[in-house]
Each structure stands twice: as structure tokens, then as C-alpha cells.
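The values are calculated or read from the model by the stated rules, or taken from the named source; none is laboratory data. Values in this document were obtained by computation on a predicted structure and should not be read as measured data. Positions of Cβ are generated from backbone atoms using ideal geometry, with glycine treated the same way; all protein chains shown enter the neighbour counts.
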Amino acid sequence: MKLLLTGSNGFIGNYFISKYAAKYEITKFSFLNDDFKALHVEDVDVVIHLSALVHQMGGASKEEYEKVNVTQTLELAKKAKESGVKHFVFMSTVKVYGEETDVAYNENSVCNPEDEYGKSKLKAEQELQKLEDDNFKVSIIRTPIVYGYGVKANIKNLVSLVQKVPVLPFGGIDNKRSMVYIGNLCHLIDSVVRFQIKFGMTDVDGMTDVSGMTCSGVFLASDDKAISTTKLIELIAKELNKKVYLLKIPLFETFLKVVKPSFHKRLYGSLGIDNRLTKDMLDFKNLYTVEDGIKHMIHGEC
């Protein structure tokens, strides 16, 4: 099977290629470095579109998110459809639902994005679904925080903090946050690419005639269990072989909520994922536990 992969130099793209290059014939494309007009996809079976302008801590304009996450996505999808590609896999985000919540999001939760990143991803999803027909199927994969060896941003900062500071005021945090280890996410991508929706009619002998077609729709990626910030720090410290004392300091949470509300939200807020529909539809099982994922994030996979 021939794949076109965008974002191949990114965190997810690098891992996917390292794991599945022997399974697929993978062509890479970069919107930054390659000429889109010269791109030919006539012989491609599946496009996996990972390239995106992700959430920027320093902020990015609505126009920047629109250009990368919507316009470029649709240009690629239209070219793929016109060239006869049958399947387009789009990497999205749980931010299309909104922000932290005490009720776990599922595949059918109402979407109400609050930031420009989430809004641009939802718009891209909606426009892609308009392109669908019997010959062109779109699969959308929504992810929470993706972690693994070489991860950057918030998780990398948390690992550095645990490495350097032996006493932290993050004890007794009882939130629930879903994340997805990059190995589980790429296994899900592989399953979406390979899977065929099975359906059949039972004949008079009780036998089932099974046919198939490329799957489409919304899929949710997540490790099997959500964990608290306190538990995450404990697992990181264990793999770093660091002794860390986690204290529960009175009024510290209130202080953070007033002084650093965004920081407070990430540390104390809950964001759970219930992806049972995805697992049932694909007959999918994660390859790694949360504990496995944290271990591999610190030490790498053999």
C-alpha cells in the first residue's frame, strides 16, 4: 500500500515512519520545503495529513491557523480526490470539543472550540467531510496531548522540573487527564489505514457474507486510562530514578488560579477521553499502558 505522509519531520511523522516504513511504501511531502504544484498523487492509496500549525503558547493569528490548518489541508484533499486517492486521514485535536471538562469527551460530543487552533481544526474537519463521496473517504483522528521520547512543550518542561527540583507543591491533585502515547496513536493511524468496515447479510445456512469498504468518520485516540497530575509526576520521577516530594500546600491552588490561570488549568483541570466507540468500530486495542508510555518517553523504545 502506498501512503503520502505530510509532516514527516514532526514528532508523530518521525515515529510513524520509523515503525511502519517496512509495512508501507511511504512518500513524504513538506508544505514548507516542497513544491505543491509539482506534487503528484495519482498512484497513492492513502494520504495521512499530519502537517499543521499546532497550539502556540505565544499565540498565533487567526489568519495563520486558517492558512495552514484549513487552506493547505483542503488544497491537498482536493488534489488527492481529483487524482483518484480513495482515503484521506486527517490528524485533528480534542480541542475541537473545547477545553478542560469533568465529563469525558467521546466521538459524538458537541464541538465548541474556544481558541483559534481548535476552531481552525474543526473548520478543516467540516470542509473535508463535504468532499466525501463513495470514492473518497475521510477519517478524522482527534488526539489529546501526545507524549513520547523526544516530546517538547509542556511535558518536556514537566520532565525537566522533576529532574531539577526535589520538592514540588503538586501533591494530592485529584484530576483526570487523558493523554496518548505516540506508539498507541501511530498504531491507531495504522489501524484506520488498514481497517475495512465489515458488514454482511446472513443467508439461509446461517453463514455471513462479509464485504468491506474504507472506513471514514471520527476516531478518538487515548491511552486506556486517564491519570492525575500527581500520578504523572510520580511515574516520571520513578523512571528518572529521582526522589521527589510532592506536597499539598494550602491555598497554593487558589494562588495559581488567580496569578496563572492557564497554568492552573493544565495542572488541576480534567480532560478525559472515552473512546470506546473507536475501539469497538476498529476492534482496536492499545499496544502500551500509560506506565509503558512514560517509561519509553524517558528512556526510548528498544
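Taking His87, is it under 25 Å from Ser178 (Cα atoms), crowded, with 17+ Cβ neighbours inside 10 Å and either touching a residue at least 24 places away in the same chain (Cβ under 8 Å) or in contact with a strand residue (DSSP E or B) (Cβ under 9 Å, 6 or more places away or on another chain) (or both)?
In short, no.
Any residue in the range 145-157 that is on the phi < 0 side of the Ramachandran plot, outside any helix (DSSP H, G or I), out of contact with any His (no Cβ under 8 Å at 6 or more places or on another chain) and of a type outside the set (A, V, I, L, M, F, W, C)?
yes
Can you tell me how many residues in the range 61-84 are surrounded by fewer than 17 Cβ atoms within 10 Å (Cβ to Cβ) and either among the hydrophobic types (A, V, I, L, M, F, W, C) or not in a helix (DSSP H, G or I) (or both)?
Looking only at that region, the number is 4.
As an exercise: evaluate Lys225 against (1) surrounded by 11 or more Cβ atoms within 10 Å (Cβ to Cβ); (2) modelled with pLDDT under 95 and give the number of the one condition it does not meet.
(2)
In the range 121-142, which residues are in contact with a helix residue (DSSP H, G or I) (Cβ under 6 Å, 6 or more places away or on another chain), free of Cβ contacts under 8 Å to residues at least 60 places away in the same chain and closer than 29 Å to Gly272 by Cβ?
Leu122, Lys123, Ala124, Glu127, Leu128
Identify, by number, the condition in (1) out of contact with any strand residue (DSSP E or B) (no Cβ under 7 Å at 6 or more places or on another chain); (2) of a type in the set (A, V, I, L, M, F, W, C); (3) modelled with pLDDT of 95 or more that Val180 doesn't meet.
Among (1) out of contact with any strand residue (DSSP E or B) (no Cβ under 7 Å at 6 or more places or on another chain); (2) of a type in the set (A, V, I, L, M, F, W, C); (3) modelled with pLDDT of 95 or more, the lone unmet condition for Val180 is (1).
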